[in-house]
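J.: The structure is given below, and queries will be raised subsequently.
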Amino acid sequence: MVTEPESKFIRIDDQEIPFVHGQTIMDATLAAGVYIPHLCHFPGITPQGNCKLCTVEVDGKPLAACTSPAAAGQRIRNNTPELNESRKALTQMLFIEGNHICPSCEKTGNCPLQAMAYHLGMLHGHFPAQFPVREVDASHPTIMLDRDRCILCSLCVRASREVDGKNVFAIAGRGTHASLIVNTANGKLVDSDIEPSDLAARICPVGAILIKEHGYDAPIGKRIFDQHKINEIGLEKIYIAGAKSDDS
Ligand code: SF4
Ligand code: FES
């Protein structure tokens, strides 16, 4: 006789949701329509736990939901004032570590980092701004890389390897010395095989990778986060379609 596999559940903020073996807490919650704030997670791409925004309390311990396996009986706290305050502080740090000048950024209104700041009620950077000066790579005819806005989420690195079948980007160095590099002999995008239709060129959650000649395309009111909240489930498809260049 074939027996049905036993249903397994986790409990998140008093909601019981099912999961299957191999799912992370993030996989299971997204499948159940429960939002956990995140910036470096993208469905279908191997999670890496870089941004720490998805930190939840699992049986009292802080764990990154995107890299932690779901296990039967876990009691998880997610949407709490304390966790959201920590997420806001992390988001403030991301802002002050880079040059995120939203009103003049081409990505404004279409930027998950900006949308996350609104979601978490961030009104200012709180910490002293660092105003970094990092190398801008404008060498490619259709794609621009502004490292001053990079939050080192590594989504472009993973998307290029895992989805595009290329290996355009890498993160070099550690901690405060970490930086996004281009895997070409001279380190320039122009000598890479990246194309505007690549997921790596469209997945950036800030204005660090931009398709040239497409700034400010959508007027205020028509941009992605004018029409959607970042806590909508399945927004990634809209985000990628919205970020797509007409050239691709
Ligand atoms: S360029 Fe964008 S996608 Fe790539 S690591 Fe930086 S922020 Fe993430
Ligand atoms: S989404 Fe989990 S660490 Fe970034």
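The values are calculated or read from the model by the stated rules, or taken from the named source; none is laboratory data. Note that the structure is predicted; figures quoted are calculated from it, not measured. Quick reminder, even Gly has a Cβ in these numbers, built from the backbone with ideal geometry, and neighbours come from all protein chains shown. Just the protein is used for accessible areas: all its heavy atoms, side chains included, with ligands, DNA and RNA removed. Shrake-Rupley method; radii C 1.70, N 1.55, O 1.52, S 1.80 Å.
J.: With the condition kept exactly as written, say whether any residue in segment 232-243 is closer than 20 Å to Leu155 by Cβ, open to solvent by less than 20 Å² (accessible area, probe 1.4 Å) and more than 16 Å from ligand 2 (Cβ to nearest atom).
T.: We begin by selecting, within segment 232-243, every residue closer than 20 Å to Leu155 by Cβ; these are 232-243.
Pick out the ones that are also open to solvent by less than 20 Å² (accessible area, probe 1.4 Å) and you get 235, 239.
Now restrict to residues that are more than 16 Å from ligand 2 (Cβ to nearest atom): none.
No, there is no match, as no residue in segment 232-243 is closer than 20 Å to Leu155 by Cβ, open to solvent by less than 20 Å² (accessible area, probe 1.4 Å) and more than 16 Å from ligand 2 (Cβ to nearest atom).
J.: Name every residue in segment 3-54 that is among the aromatic types (Phe, Trp, Tyr) and more than 16 Å from ligand 1 (Cβ to nearest atom), in order of residue number.
T.: Initially, segment 3-54 is screened for residues among the aromatic types (Phe, Trp, Tyr), giving 9, 19, 35, 42.
Residues satisfying the conditions are Phe9, Phe19, Tyr35.
J.: Restrict the check to segment 152-164 and report whether at least one residue is assigned to a loop (DSSP other than H, G, I, E, B), open to solvent by less than 20 Å² (accessible area, probe 1.4 Å), away from ligand 2 (no atom under 16 Å from the Cβ) and among the β-branched types (Val, Ile, Thr).
T.: No, every residue in segment 152-164 fails to be assigned to a loop (DSSP other than H, G, I, E, B), open to solvent by less than 20 Å² (accessible area, probe 1.4 Å), away from ligand 2 (no atom under 16 Å from the Cβ) and among the β-branched types (Val, Ile, Thr).
The rows are residues; the columns are (1) outside the structural domain of Asp13 (by the TED database); (2) part of a helix (DSSP H, G or I); (3) within 16 Å of Ile151 (Cβ to Cβ).
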site	(1), (2), (3)
His38	no, no, yes
Pro43	no, no, no
Pro62	no, no, no
Gly73	no, no, no
Gln114	yes, yes, yes
Ala117	yes, yes, yes
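J.: Any residue at all in segment 52-65 that is over 18 Å from Met116 (Cβ atoms), near ligand 2 (Cβ under 10 Å from one of its atoms), crowded, with 21+ Cβ neighbours inside 10 Å and modelled with pLDDT of 95 or more? Steps first, answer last, please.
T.: The first filter runs over segment 52-65 and keeps only residues over 18 Å from Met116 (Cβ atoms), leaving 57-63.
Then keep just the ones that are near ligand 2 (Cβ under 10 Å from one of its atoms); that gives 63.
The next check asks that each one be crowded, with 21+ Cβ neighbours inside 10 Å; those that pass are none.
Scanning segment 52-65, I find no residue that is over 18 Å from Met116 (Cβ atoms), near ligand 2 (Cβ under 10 Å from one of its atoms), crowded, with 21+ Cβ neighbours inside 10 Å and modelled with pLDDT of 95 or more, so the answer is no.
J.: Next question. Within segment 170-207, can you find the residues that are surrounded by fewer than 17 Cβ atoms within 10 Å (Cβ to Cβ), among the charged types (D, E, K, R) and either part of a loop (DSSP other than H, G, I, E, B) or in contact with an Asp or Glu (Cβ under 8 Å, 6 or more places away or on another chain) (or both)?
T.: Arg174, Lys188, Asp193
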